[in-house]
1. With a cut-off of at least 3 residues that are within 15 Å of the chain's Cα centre (by Cα) and either among the polar types (S, T, N, Q) or over 18 Å from Leu229 (Cβ atoms) (or both), name the helices (runs of 4 or more DSSP H) lying wholly within the range 15-86.
2. Name the residue that is nearest to Ala106 (Cα to Cα), counting only residues in the range 144-166 that are among the aliphatic types (A, V, I, L, M) and in contact with a Ser or Thr (Cβ under 7 Å, 6 or more places away or on another chain).
3. From the list Ala73, Ala80, Ala101, Ala86, which one is at pLDDT below 95, closer than 27 Å to Gln188 by Cβ and among the aliphatic types (A, V, I, L, M)?
4. Please go through (1) surrounded by fewer than 20 Cβ atoms within 10 Å (Cβ to Cβ); (2) under 21 Å from Leu220 (Cβ atoms); (3) of a type outside the set (Val, Ile, Thr) for Lys105 and return the number of the only condition it doesn't satisfy.
Amino acid sequence: MKTSDKPRTKDMNPPSFYQRCLTACAPAWEQAASHPFVEGLAAGTLSPAQMRCYLIQDGLYLQNYIRVCRTLAERAADTADRRLFADSACLSEEAELGIQAGLFKALQLSWAPEPPGPATSAYIRQESEAAHHPSPLVALAAATPCTVLYAEVGRRLAMRPETAAADHPFRLWLDLYADPAVQEMALQWSSCLNRWAAAAEVSAQQEALEAFAASVQCELNFWEQAWHLR
């Protein structure tokens, strides 16, 4: 029998649900991961206005993300998953908000309370509404890009020669998101997403794909919001 005559079999290694999520939003994912704001982080060339906007808006976003992670912990049936989301909330509350305070001091930026910008409000609304979706998979998918995209950016930037200098102005940011603990946490999130998807209905999987893509677009818009303050 010729190879071409052999009966077709199913793909022995179909893409994981996380891979399907990345494929569904590939252009926006790559734009977010390599955005000019990210390039400015790598080069250390972002202006004080850009960093100030980013840090203040990110602080507002993270306060809500902490609540989203704790909601996911309440919805998780597995002890390890509950611990993952609780740990993620702690990382945002202690490490991420902590480096913001450190960067404000190191960059001599002035802080003042500000309302959420349009991109911040849209992202908060996107994740908050999804967090209470009837399908826990949709809730998880909407929250996943925050962790996995920042880990991806941190991993990429750690390999860049221009980020190696000890006196890099954004050293705190670069070190946090390249940290092995953050990289491992991102892997745990993607693994959890795969497991939850395996137990979900096809309709919920489709909604989850859309929720993941919507959050990636929110990440892209979030970079844009600060980048335009050149």
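1. Where helices (runs of 4 or more DSSP H) fall fully within the range 15-86 and carry at least 3 residues being within 15 Å of the chain's Cα centre (by Cα) and either among the polar types (S, T, N, Q) or over 18 Å from Leu229 (Cβ atoms) (or both), they are 17-24, 26-33, 48-75.
2. Only one residue tops the list, namely Leu157.
3. The match here is Ala101.
4. (2)
This table checks each residue for (1) part of a helix (DSSP H, G or I); (2) touching a Lys or Arg at 6+ places or on another chain (Cβ under 8 Å); (3) of a type in the set (Lys, Arg); (4) surrounded by fewer than 18 Cβ atoms within 10 Å (Cβ to Cβ).
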residue	(1), (2), (3), (4)
Pro113	no, no, no, yes
Ala122	yes, no, no, yes
Ala130	yes, no, no, no
Pro134	no, no, no, yes
Ala139	yes, yes, no, no
Ala142	yes, no, no, no
Cys146	yes, no, no, no
Tyr150	yes, no, no, no
Gly154	yes, no, no, no
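The values are calculated or read from the model by the stated rules, or taken from the named source; none is laboratory data. Keep in mind the model is a prediction, meaning the values are calculated, not measured. Using ideal geometry, Cβ is built from the backbone for each residue, glycine included, and neighbour counts are taken over all protein chains shown.
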